[in-house]
Each structure stands twice: as structure tokens, then as C-alpha cells.
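Only the coordinates and a few stated rules stand behind these numbers; no lab work does. Keep in mind that this is a model prediction, so the values were computed, not measured. Cβ: placed from backbone, ideal geometry, glycine included. Neighbour counts: every protein chain shown.
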Amino acid sequence: MREHKVVVMGPLGVGKSTLVQTLTQGQAVATEARNSDPSVGKEFTTVALDYGDIALPGGDRLRLYGTPGQQRFSYLWPILLAGAQGAIVLVDAGTHPGTAQAAMYLQAIAEAAPRLPVVIGVTRCDDNLPALRAWETWLQMHAPSLPVMPLDPRQMPQAMILMDVLMSQIECNAMVTIDE
Ligand SMILES: Nc1nc2c(ncn2[C@@H]2O[C@H](COP(=O)(O)OP(=O)(O)O)[C@@H](O)[C@H]2O)c(=O)[nH]1
Ligand SMILES: [Mg+2]
């Protein structure tokens with residue numbers, strides 16, 4: 001039996017808790033508190049982390065950790081990334097790539113776990129195709145080797161496709177590591 005630890009990163013309100021809840025079919029543990037950040041219209045926010053444990057076919061387990069996104073919690077990111085097999089970085093199509101904090105999460109991964117397989121999900125695309133394209137262009141320049149896909153984290157089929165892509169990246173990485 002193998003365990004796969006996967007970390008979900010991204011800014012406040014991007015859909016991290018939603019993704020973890022969707023993938024665990026509402027079974028995840030969440031530590032929500034009243035949001036004290038008035039710039040974000042959200043009543044509750046994650047103060048520690050989301051945690052979900054999923055049984056995979058074949059007996060493997062997937063442990064999903066949603067990190068608190070706020071920069072004041074950045075000390076937690078390397079701790080959560082330690083021993084992770086993969087990461088999902090979520091970005092919000094409603095925010096401008098240049099002003100969003102995506103670079104901060106990618107930098108944290110580059111420092112704490114430079115060869116970690118990473119997949120990027122662009123949430124809140126809804127019908128906003130130009131916003132998705134703007135993010136794809138930005139990511140092409142700043143993280144050219146990472147798969148990028150639109151994601152509504154409330155939708156199980158989309159969440160599964162994202163996980164599938166990440167799991168294949170993880171499998172590839174495992175093969176590379178064996179060859180070394
Ligand atoms: N319309 C829309 N709403 C979304 C999407 N992703 C997340 N949300 C909503 O955004 C809110 C905040 O999501 P949450 O998972 O708590 O964000 P977190 O701070 O990253 O954990 C929730 O009410 C979600 O249902 C999306 O792609 N489209
Ligand atoms: Mg959350």
C-alpha cells in the first residue's frame with residue numbers, strides 16, 4: 001500500500017477547501033474560523049488546514065492537505081510540502097495574473113520542494129475565456145513546464161481530471177527517481 005500526500009495551495013477564496021471537500025465527498029476535516037480579512041467577502045476562512053483522506057483503487061491512499069493561503073501562514077507551507085508527492089496550485093481567473101499571489105506559491109514550492117510535480121487549476125473561469133487565456137499566457141512565462149487547466153472545484157468530474165493529471169505526473173516522477 002502506498003500513500004500519496006498532496007498539498008493544495010492558493011490565495012484566500014480560490015476554492016482550496018471546496019476542492020478538498022469535493023474530492024472527499026464532504027468527508028474532509030476543515031478548520032474554518034470567521035474571516036477577519038474585510039477585503040475578502042467570505043464569512044469563514046481556513047485558519048489551519050483542510051485535511052482529507054481518500055481510498056484509491058488498489059488499496060493506495062491519498063492524503064490531501066489544503067493550506068491556509070494567507071501570507072502570514074507562509075511558515076506552514078514548507079512544513080506541509082515536506083514529504084509531499086505533489087501539489088495543486090489554484091489561481092482565480094477573476095484576479096489579474098500580475099497582481100495575484102501565484103508567484104509566491106510557486107516560489108515557495110521551488111524553494112521547499114524543487115522537483116515536486118505540480119498542476120495548476122484556474123478556478124472561477126465560469127464563462128470568462130479571456131481571463132483563462134491571460135492566466136495561461138502568464139503561466140507559460142513563469143511556470144512553462146506545469147500543466148494548466150480550468151477547474152470548478154465544486155464539480156467532481158473536473159476535480160477528478162485535475163487529480164488524474166497530477167497522479168500521472170507523480171507516476172512519471174517515480175520512474176525518473178528509480179532510474180537515478
Ligand atoms: N462560481 C464559482 N465559485 C467558486 C469556484 N471555486 C470556488 N468557488 C466558491 O468560492 C467560495 C470560496 O471557496 P473556498 O473553497 O472556501 O476557498 P479557499 O479559501 O481557497 O478554501 C466557495 O463558496 C466556493 O463554492 C468556481 O470555480 N466558480
Ligand atoms: Mg479554505
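A Cβ-based charge dipole, computed about the Cα centre of the chain with Lys and Arg at +1 and Asp and Glu at -1, lands at about 280 debye. Derived scalar couplings between HN and Hα for the range 76-91 equal 7, 4, x, 5, 6, 6, 4, x, 6, 9, x, 9, 10, 10, 9, 10 Hz in order, rounded to whole Hz, by the Karplus curve 6.51 cos²θ - 1.76 cosθ + 1.60 (θ = phi - 60°), x for Gly and Pro. Among the DSSP helices (H) of the chain, those spanning at least 18 angstrom by Cα along their long axis with an average Kyte-Doolittle hydropathy of 0.5 or more are 156-179; this is a geometric and hydropathy rule only.
Find out how many positive minus negative residues lie around residue 125, taking Lys and Arg as positive, Asp and Glu as negative, among other residues whose Cβ is under 13 Å from that of residue 125. So the surrounding residues net to -2. A helix-only calculation puts the chain at -11000 deg cm²/dmol for mean residue ellipticity at 222 nm, using -39500 (n - 2.57) for each DSSP H run of at least four residues, averaged over all residues. Packing order of peptides 52-62, 101-111, highest average first: 101-111, 52-62 (average count of other Cβ atoms within 10 Å over each peptide's residues). The mean of 1/r over all distinct Cα pairs in the range 3-179, once inverted, gives the Kirkwood hydrodynamic radius of 16.3 Å.
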